[in-house]
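The values are calculated or read from the model by the stated rules, or taken from the named source; none is laboratory data. Model, not experiment: these values are computed from the prediction. Because the Cβ atoms are built from the backbone with ideal geometry, glycine has one as well, and the counts that use them run over all protein chains shown. All accessible areas refer to the heavy atoms of the entire protein, side chains included, with ligands and DNA or RNA removed. Shrake-Rupley method; radii C 1.70, N 1.55, O 1.52, S 1.80 Å.
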Amino acid sequence: MRILGKGRVQQEAIDELEALPQNNPLRTKAIDLLLNLKTTLEFNQNIDEEDRNLIMRLLPIYEQKLAEVKQEGIQEGIQEGIQEGIQEGIKAERRNVIENLLRVRFGSLDAELRVITEALLALSPEEFTPLLLQLSKEELLDRFL
């Protein structure tokens with residue numbers, strides 16, 4: 001509430017808020033509210049000198065919050081990228097296994113066998129391995145084409 005005050009009281013309240021630890025929930029909520037206040041003040045047509053000073057005082061807090069949010073977004077993006085990379089690696093390895101099994105069984109990997117590779121990739125290794133080891137080329141083509 002003191003932040004909504006004026007002058008020295010307001011400045012001290014902002015200083016105390018900034019001094020709170022980064023992970024303090026009170027700090028996080030208060031900063032969110034202050035940033036809303038800053039935005040509201042900026043859109044106000046009749047800004048007095050005190051409000052301008054408050055906006056300037058809140059600017060570093062706003063920039064810090066923006067940097068934190070940006071960093072969180074970067075971290076989330078990195079995690080998503082890692083997960084996508086792992087999934088792509090697993091898929092590439094499965095494709096390699098399927099193609100190798102087809103080559104071993106049938107001598108080469110012709111166009112027809114390449115086409116069924118995609119369908120086989122949708123199966124788990126437990127499902128596609130017995131099929132590749134037991135079914136003839138014609139049976140595989142009939143089943144997956």
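Tally the residues that are among the charged types (D, E, K, R) and modelled with pLDDT under 80, restricting the search to the stretch 1-30. Reasoning before the result, please.
Keep residues of the stretch 1-30 that are among the charged types (D, E, K, R), which gives 2, 6, 8, 12, 15-16, 18, 27, 29.
Remaining after also requiring modelled with pLDDT under 80: 2, 6.
Selection size over the stretch 1-30: 2.
Tell me, yes or no, whether the stretch 53-67 has at least one residue that is within 30 Å of residue 11 (Cα to Cα) and among the acidic types (Asp, Glu).
So in the stretch 53-67, the residues within 30 Å of residue 11 (Cα to Cα) come out as 53-67.
Going one step further and asking which of them are among the acidic types (Asp, Glu), we end up with 63.
Yes; the residues of the stretch 53-67 include at least one that is within 30 Å of residue 11 (Cα to Cα) and among the acidic types (Asp, Glu).
Scanning the stretch 38-52 for residues that are within 18 Å of residue 10 (Cβ to Cβ) and without any contact (Cβ under 8 Å) to a residue 24 or more places away in the chain yields 39, 40, 41, 42, 44, 47, 48, 49, 51, 52.
Summed over the stretch 99-145, the residues that are open to solvent by 80 Å² or more (accessible area, probe 1.4 Å) and aliphatic (A, V, I, L, M) give a count of 5. Scanning the stretch 95-113 for residues that are closer than 16 Å to residue 135 by Cα and in contact with a helix residue (DSSP H, G or I) (Cβ under 8 Å, 6 or more places away or on another chain) yields a total of 9. Candidates 96, 53: the one that is over 17 Å from the mean Cα position of the chain (by Cα), under 30 Å from residue 114 (Cβ atoms) and open to solvent by 50 Å² or more (accessible area, probe 1.4 Å) is 96. Filtered by the rule that a residue be open to solvent by 40 Å² or more (accessible area, probe 1.4 Å) and more than 11 Å from residue 58 (Cβ to Cβ), the stretch 7-23 gives 8, 9, 11, 12, 15, 16, 19, 20, 21, 22, 23. Residues in the stretch 56-93 that are open to solvent by 80 Å² or more (accessible area, probe 1.4 Å) and of a type in the set (Asp, Glu): 63, 72, 76, 80, 84, 88, 93.
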